[in-house]
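Q: Quick one: the structure is below, questions incoming.
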Amino acid sequence: MAQADRAADLIRRARAYDREAFAELYRRTVVPVYRYCAVRLDNPSDAEEVTQEVYVAALAGIGRLRAEGELALLAWLYQIARHKLADRLRARYRRPTAPLAAADQLPANEPLPQDIAFAREDRAAVHRALGELTADQREVIVCKYVLDYDNARTGAIVGKNANAVNQLHHRALARLRGLLEGERQP
Amino acid sequence: MTAEQPHDDAFFEALENCRRRMRSGEPLAACLALHPRVYHEEIAALLAVGARVAQAAPEPAPAFVARFEPVLLAAVDEARREARAQRNELSPVGRLRGLAGALRARAALRAAAVALLAGLVLAGSGVAVVEASGDALPGEPLYRVTRWRETAELWLARSDSARLDTRQQFLARRTLELERAAARQAGAARAAEAERNLGREVRQLVDRAVRLRERGDTRATARALTAVHTARSRVTQLAATAPDPERRSSLLRLDRFLAAQERRLREVPPAAPTSGAARAGRW
C-alpha cells in the first residue's frame with residue numbers, strides 16, 4: 001500500500017476508534033508533537049501534560065477530522081497543540097512559577113553540573129525569545145529546527161508559499177539572534 | 001552582508017540549503033563553500049541560532065511515551081463503547097438487543113433487571129420512556145429513569161473491572177448532561193445539580209479505581225485517570241465560556257476538585273491502604 005493510502009487508511013480506522021490504528025497514529029506522531037510542545041515550555045512535565053491533552057482532544061475530535069494524508073494529520077495535531085500551549089502559557093502568566101522550575105525534576109541527591117545549568121538557562125532564553133516572535137515566524141522556526149521540515153512541508157503547515165516561508169525563516173532567525181544576543185548583554 | 005541590508009532569493013536559498021545540509025550531518029564550512037563569500041558570516045550566525053532552538057526541544061522520555069500509550073488506548077476503547085452505545089440508543093431495537101445481551105451475560109441478575117424493566121413499563125410507556133430519559137436533565141421527571149437504568153447497568157456488570165467501565169460511561173453521561181444544561185440555559189439550580197452529580201460520579205469512579213489498584217489491577221487508575229482528565233477538559237472549556245460569573249466560579253471550583261482527584265489517581269501507591277486523607281475534598 002502506498003504511503004499516502006496507508007495514512008488515509010490509518011485515519012479512517014482511527015475515526016472509527018480502531019485501537020490498533022490509534023496506537024500506530026500515536027507512535028508515529030508523539031515525538032514531533034512532544035517536541036512541538038517542549039520547545040515552548042521550560043518544564044518537561046509541562047510538555048508531557050500538554051502532549052497528553054493534545055491526544056485526549058484529538059480523540060474527542062477525530063470524528064470531525066477531514067484530513068486524508070499524514071501531513072494534514074500532523075497539521076491538525078499541531079493546531080490542537082497550539083491551542084493547548086496558548087491555554088498553558090496564559091495560565092502560567094496568571095500564576096507565574098519560579099524560574100528554572102525544571103530543577104525540581106532532578107533528584108535532590110544528584111549534583112547539578114555547570115553545563116546542565118547552562119543548558120537549562122539557554123533553553124529558557126530560547127523559550128522566551130520564541131515567545132517574542134510573530135505566530136507565523138515562530139511556526140516556521142519550529143517547523144525547520146524542531147521538526148526538520150523542508151519548505152514544502154513548512155508551507156503546508158503554516159499555509160504559505162515557499163517564497164513567504166523563506167522570508168519568514170530569515171526574518172525570524174534574525175529577530176531571534178537579536179533577542180538572544182540582547183539577553184547576553186549585561 | 002548584514003541583517004540591515006536587503007536580502008535576495010539567492011541568500012534565502014543559501015540559508016535553507018545550508019540548514020538542510022547541516023541537519024543531515026554535513027559540516028557548515030562544506031556548505032558555505034558552495035555559496036558567495038559575502039553570505040558566510042551571516043548564515044553561520046543565523047544557523048547557530050537555529051541550532052540553539054533545536055537543542056531547546058528535547059525528545060520525549062521513552063518512559064513517558066510508553067506510559068501514556070495504554071492510557072490513551074483505554075480512552076479509545078471507552079470512546080468506541082460510547083459510540084456503540086449511542087448508536088444503540090438511537091434505535092429502540094438496538095436498545096432491546098443490548099439489554100437482551102446483558103441479560104444473557106448475567107443470568108443470576110436477570111430477574112432483577114426484568115423487574116426493573118417491567119417497573120419502567122408500568123410506570124410509563126415502556127421503551128419510549130427509557131428512550132426519552134436519555135435527554136433528561138437533573139431535576140426533570142424523566143431523569144429518575146436514567147438513574148434507574150444506570151443502577152441496572154451496574155447490577156449487570158460482570159466483574160469489578162466491568163463496573164469500573166460502567167462508571168466511566170456514567171461519567172461521560174454526567175459530563176454530557178453538564179454540557180446540555182449549559183447549552184439549554186437550563187437554569188442555575190439544574191446546572192448546579194449537574195455539577196454536583198458530575199463531582200459525585202468522579203468520586204465514585206476514583207474510589208473504585210483506587211480499590212481495584214490496591215487489589216492489583218494496575219490499569220485501573222490509568223483508565224480512570226483518562227476518564228477524569230477528559231471530563232476535566234470539558235469542564236475547563238465550559239468554565240472558559242460561561243457567560244455568568246457565578247456559574248464560571250462554580251465550574252472552576254469543580255475543575256479544581258477534578259484536578260485533586262487526578263492527583264489522587266496519579267499518586268496512589270500500588271498496594272497502599274485507602275487513607276482517609278486521600279478522600280479529602282469531597283464534592
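Each row is one residue, and each column tells you yes or no for (1) exposed (fewer than 15 other Cβ atoms within 10 Å of the Cβ); (2) closer than 19 Å to B:GLU82 by Cβ; (3) over 24 Å from the mean Cα position of the chain (by Cα); (4) hydroxyl-bearing (Ser, Thr, Tyr).
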position	(1), (2), (3), (4)
A:ALA4	yes, no, no, no
A:ALA7	no, no, no, no
A:ILE11	no, no, no, no
A:ASP18	no, yes, yes, no
A:ALA21	no, yes, no, no
A:VAL31	yes, no, no, no
A:TYR34	no, no, no, yes
A:ARG40	no, no, no, no
A:GLU48	no, no, no, no
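Q: Got a number for residues in segment A:127-158 being buried (at least 24 other Cβ atoms within 10 Å of the Cβ) and touching a residue at least 60 places away in the same chain (Cβ under 8 Å)?
A: Selection size over segment A:127-158: 1.
Q: When both residues are 6+ apart or on different chains and their Cβ atoms are under 8 Å apart, which pairs have a first residue that lies in segment B:49-63 and is at the interface with chain A (Cβ under 7 Å from one of its Cβ atoms), and a second that is modelled with pLDDT of 90 or more and in a loop (DSSP other than H, G, I, E, B)?
A: B:VAL53/A:VAL39; B:ALA56/A:VAL39; B:ALA57/A:VAL39
Q: Can we say A:ASN161 is more than 24 Å from B:ARG23 (Cα to Cα), modelled with pLDDT under 95 and either surrounded by 14 or more Cβ atoms within 10 Å (Cβ to Cβ) or more than 12 Å from chain B (Cβ to nearest Cβ) (or both)?
A: Answer is no for this residue.
Q: For segment B:188-198, indicate whether the set of residues that are farther than 20 Å from B:ALA74 by Cβ and not in a helix (DSSP H, G or I) is non-empty.
A: For segment B:188-198, residues farther than 20 Å from B:ALA74 by Cβ and not in a helix (DSSP H, G or I): absent.
Q: Yes or no: B:ARG167 assigned to a helix (DSSP H, G or I), basic (Lys, Arg) and closer than 14 Å to B:LEU137 by Cα?
A: no
Q: Does B:THR230 meet the test of being in a helix (DSSP H, G or I), more than 14 Å from chain A (Cβ to nearest Cβ) and closer than 21 Å to B:VAL76 by Cα?
A: no
Q: Show me the helices (runs of 4 or more DSSP H) found entirely inside segment A:1-81 where at least 2 residues are facing chain B (nearest Cβ under 10 Å) and not hydrophobic (A, V, I, L, M, F, W, C).
A: By residue number, A:19-38, A:44-61.
Q: Among the listed residues B:GLU26, B:GLU42, identify the single one that is more than 9 Å from chain A (Cβ to nearest Cβ) and within 29 Å of A:ARG35 (Cα to Cα).
A: Just one listed residue meets the conditions, B:GLU26.
Q: Then there is this: Please go through segment B:171-212 and give me each residue that is at negative phi and without any contact (Cβ under 8 Å) to a residue 12 or more places away in the chain, ordered by number.
A: The answer is B:LEU176, B:ALA183.
Q: Can you report the number of residues in segment B:226-271 which are open to solvent by 20 Å² or more (accessible area, probe 1.4 Å), among the polar types (S, T, N, Q) and over 15 Å from the mean Cα position of the chain (by Cα)?
A: 2
Q: Taking the conditions exactly as written (modelled with pLDDT under 90 and closer than 25 Å to B:ALA162 by Cα), does B:ASP244 satisfy them or not?
A: no
Q: Additional query: Yes or no: segment B:200-208 includes at least one residue that is modelled with pLDDT under 85 and either over 19 Å from B:GLU78 (Cα atoms) or charged (D, E, K, R) (or both).
A: No, segment B:200-208 contains no residue that is modelled with pLDDT under 85 and either over 19 Å from B:GLU78 (Cα atoms) or charged (D, E, K, R) (or both).
The values are calculated or read from the model by the stated rules, or taken from the named source; none is laboratory data. Note that the structure is a prediction, hence the values are computed from the model and not measured. No Cβ is skipped: glycine too gets one built from the backbone with ideal geometry, and neighbour counts run over all protein chains shown. All accessible areas refer to the heavy atoms of the entire protein, side chains included, with ligands and DNA or RNA removed. Shrake-Rupley method; radii C 1.70, N 1.55, O 1.52, S 1.80 Å.
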